[in-house]
Each structure stands twice: as C-alpha cells, then as structure tokens.
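Contents: one structure, followed by commentary.
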Amino acid sequence: MEKTVVLAITKNGVKIGEDLKKIFPDWSIFAPSKLSNQNNEIVWYSEPTTDKIIELFKNNNALICLFSLGAVIRLIAPHLEDKKTDPAVIVIDDKMNFVISVLSGHIGGANELTEEIAEKLGALPVITTAADVNKTIAVDLVGREFSWKIDDDSTVTKISAHMVNEEPIGVFQDTGEKEWYKTLPKNVSIYESIEDLKKSNSKACLIISDRIIDDEISKESVIYRPPSLIVGIGLHWDTTKETIREGLVESLEKFKISSKSIAKLVSIKKPQDVQGLIDLGKEMGIPVEYIDREDLAEISAPNPSETVKAFEGTASVSEAAAIKISGGKLIVEKQKFPPNLTIAIARIMY
C-alpha cells in the first residue's frame, strides 16, 4: 500500500519496526528520539507522540501502531472523519502476537494489509468486520479491482446488513467483468433481467450496469458502474467544452445511461487537439484518446456521411471511434448537434 508508516513508542516496538522495515522496505518507521539506537533507517522524532500520531494519521494511506489498541483509539478518535477518507489503521502488540485491523478495514484496505502482515510475522490476524468473519460478499468492495464505482453509497450500510444476516440477495449484471466473485454465498442468487429481479423475493439487490435504474428498485440496491462505455465524438477544431458537455448529457439522459460508466472520450486525430475536448476530459476525470483517420476509415459504421468524408477523410468519426476503441457494439448511434458536434456511444465487450 502506498504511503504506509509505522509508529513505535517502546523498545520492543522499535525492534518490531526494524523487522517490518526488512520485510517492507518502502515503509517509513517512526520512533521517539529518546529510544534512538542510531539506526538511520528509522525516523527519530522529538515532538510529543500525541502530535506525531496525528501528523502521520492525516498524511498517509496506512498507519501501523506498535502499542496498545486502547491508546491508539484515544489518540486518533477526535480526528476520524469518514471511512472513505480515513487511512487504514492497524495495531500490533508489543510481543507480536496479534495484528489487529482497527480502522478502514474494507475501503482503506486495513483488513487485507492485516492478513499480509500477520502472515509475514507469524502472528494472528484479528479482523472483526462482519463480511470477513462470515465469509460473505463485502458489498463496498465489489468490483473494486476492476475500477467499478458505486453509484450511490448511501445504500451500502443497509444492503451490507442484509448480506451478513444471510437474507435473500439478488444480483443482476449486464456489463463489466464477470469474474468478480469466486463462490456466491448461499443467500445470493443471480437473475437474468431487472424484471426477474423485481419479481424475486430478494430483500436487497446488487446491480452491475451502466444503465440508469428506476428509483424503486434502486432504493433497495447497491448499483455498481463498471467503466464500460466509450464515447465517440465528432467535432470541429473550435467546438467548446460547454457544447460537448451539453450534447453528452443530452445523449446520456435520452438513452438512460450513466456518466459514471464512461471509460474514454475518443475522437479523430487532428493536426491540433481540440481544446474543448481536452478541457472536458479534465473536468470529468476521463481520459481522451485520438485515432488516425485511416484507422477510422476501416470501420463499418451504421450512419456514414459523405460530408464528413469530404472534410475528415473518413465517412464516420463518432460511431467509428466508439466501435474501434470499445471492441464492442454501439448502444447509441450517432446523435447530431448542429453545426459542430456528433456523439455515439459503444459498450466495451467483456
């Protein structure tokens, strides 16, 4: 894990810190200067530990404390903010018997890191989150390794409770990687359509889709957005960011597709990149890719244009670009926004 630090405040803790440094050389080890043994691989600090632990807590992805759990809790408690932003916190006792996942077990990665450290040290991992204890699906982690986004995390806690209580859970998936689970728990069933899911006796649902789902079922669901969509864009050199955004929003709303599933914005390679497209990509946090006209000309698109061919050297830009990069098929054929914009959307083939 990036930016992992270890805090030791006892002599035994320093020794454990030195052992961890050998196993995880990228980690930084901190200890009070009064315990210094002249090991220059340890950062010896002079300020109070009450100040140092907060500095480390706020500026790192994971904090490993080599002292008592109670002391750690008292020190960090006033500074907790949100499980989506708080760092992973792990405690290792002074005799190296236990490695305890304390904070941000799932989203922050503390549980996974706890298992790894315990295995390396020959210690016992202590993990108390219900999904891990019950060996069931961690609702807030589904598809994380594939960069899936949760559409609305306000339902996660409620659906997680249904999951760990082994109540009937229905799953519907129409895009994204299929191998997101090894073995489904006995209370989880897969349905082939949203309609079947609605008719089931599911207490809650996991929905993996790039489509907008109606409000009623979404209230009892966690909806995951895989990066499954490629947006092809035909435009002029002076097409503005605002024009592209408006056309994109209109297209997504018309066909009930989520912007959170857009993987790339793609267009034809021009002598100079269109600033409006560059700016929109940055604004949305979505990469932009350009394709040579010769490659686009090889793609068979459903709505070619002789006018486009005359100007661009290929009969299709938006549709051909979306098809080319997705390797899949169009789900939104060319939408025209005269005089200087067309948009098409394709779904990646998984």
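The values are calculated or read from the model by the stated rules, or taken from the named source; none is laboratory data. Quick caveat, the model's predicted, so the values are computed rather than measured. Cβ: placed from backbone, ideal geometry, glycine included. Neighbour counts: every protein chain shown. Accessible surface areas use protein heavy atoms only, side chains included; no ligands, DNA or RNA. Shrake-Rupley method; radii C 1.70, N 1.55, O 1.52, S 1.80 Å.
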Per residue, in Å², the accessible surface of the chain once ligands and nucleic acids are set aside, probe 1.4 Å = 51 Å²
Any number yet on Rg/Rh for region 214-255, C-alpha, Kirkwood?
-> 1.14
Work out how much length Lys219 to Val43 would gain on full extension: take 0.36 nm times their residue separation and subtract the Cα-Cα distance, in nm to one decimal.
-> 58.4 nm
Qualifying chymotrypsin sites (Phe, Trp or Tyr not before Pro) for region 169-248 [loop in DSSP, other Cβ within 10 Å: at most 16] | Tyr181, Trp237
Who wins for biggest fluctuation among Ala322, Ala77, Ala161 in a Gaussian network model of the chain, springs between alpha carbons below 10 Å?
-> Ala77
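Give me the percent relative contact order of the chain, please, defined on Cα pairs under 8 angstrom at least 6 residues apart.
The normalised contact order for the chain reaches 10 percent.
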Can you pull the percent of the chain's accessible area that's carbon plus sulfur, 1.4 Å probe, other chains left in place?
-> 50 percent
Compactness index (Cα Rg / 2.2 N^0.38 Å), region 32-78 = 1.21
Rank Gln38, Gln335, Gln173 by mean-square fluctuation in a GNM of the chain with C-alpha springs under 10 angstrom and give only the top-ranked residue.
-> Gln38
Roughly speaking, what is the stretch gain from Ser68 to Ala161, that is 0.36 nm per residue apart minus the C-alpha to C-alpha distance, in nm to one decimal?
-> 30.5 nm
Lysines whose Cα lies under 16 Å from that of Lys158, excluding same-chain neighbours fewer than 8 positions away = Lys83, Lys203, Lys219
Chymotrypsin sites (Phe, Trp or Tyr not before Pro) lying in DSSP loop within region 255-333, provided at most 14 other Cβ fall within 10 Å = Phe255
Please build a GNM for the chain, connecting alpha carbons under 10 Å apart, and tell me which residue among Ile53, Ile233, Ile213 fluctuates the most.
-> Ile53
Once the Cβ-Cβ distance between Lys178 and Arg245 is put in as r, and R0 is 41 Å, what FRET efficiency do you end up with, to the nearest 0.05?
-> 0.80
May I ask you to evaluate 6.51 cos²θ - 1.76 cosθ + 1.60, the Karplus curve with θ = phi - 60°, for each residue of region 297-305 and list the ³J(HN,Hα) values in order in whole Hz, giving x for glycine and proline?
-> 5, 7, 8, 8, 10, x, 10, x, 9
Percentage relative contact order, region 157-271, counting C-alpha pairs under 8 Å, at least six apart | 26 percent
Low-density loop GluC sites (Glu not before Pro), region 172-259, at most 10 other Cβ within 10 Å, DSSP non-H/G/I/E/B, are Glu179, Glu192
What distance in nm separates the simple spin-label points at Asn303 and Gln272, each placed 7 Å from Cα in the Cβ direction?
-> 3.0 nm
Could you pull the accessible area for Asp152 with a 1.4 Å probe, rounded to 10 Å²?
-> 80 Å²
Tell me what the chain gives for mean residue ellipticity at 222 nm when only DSSP H runs of n ≥ 4 count, each as -39,500 (n - 2.57), the sum divided by the residue total, rounded to 500 deg cm²/dmol.
-> -9000 deg cm²/dmol
Using a 1.4 Å probe on heavy atoms of the protein chains only, the accessible area for Thr240 in Å², nearest 10, reads 60 Å²
Relative contact order (percent) for region 1-77, with alpha-carbon contacts under 8 angstrom and 6 or more residues of separation?
-> 40 percent
Potential extension, Ser189-Phe255 segment - 0.36 nm per residue separation minus Cα distance = 20.9 nm
1/(1 + (r/R0)^6) with r = Cβ-Cβ of Glu145 and Ala310, R0 = 56 Å, i.e. FRET efficiency to nearest 0.05, evaluates to 0.75
Reciprocal of mean inverse Cα separation for region 289-350 (Kirkwood radius, Å) = 11.6 Å
What percent of all Cα-Cα pairs in region 124-204 falls in each 10 Å bin, counting up from 0?
-> 16, 48, 32, 4, 0
From phi via Karplus (6.51, -1.76, 1.60), per-residue ³J(HN,Hα) for region 203-219 in Hz, x at Gly/Pro = 6, 7, 9, 10, 10, 10, 7, 9, 9, 6, 9, 4, 4, 4, 6, 5, 5
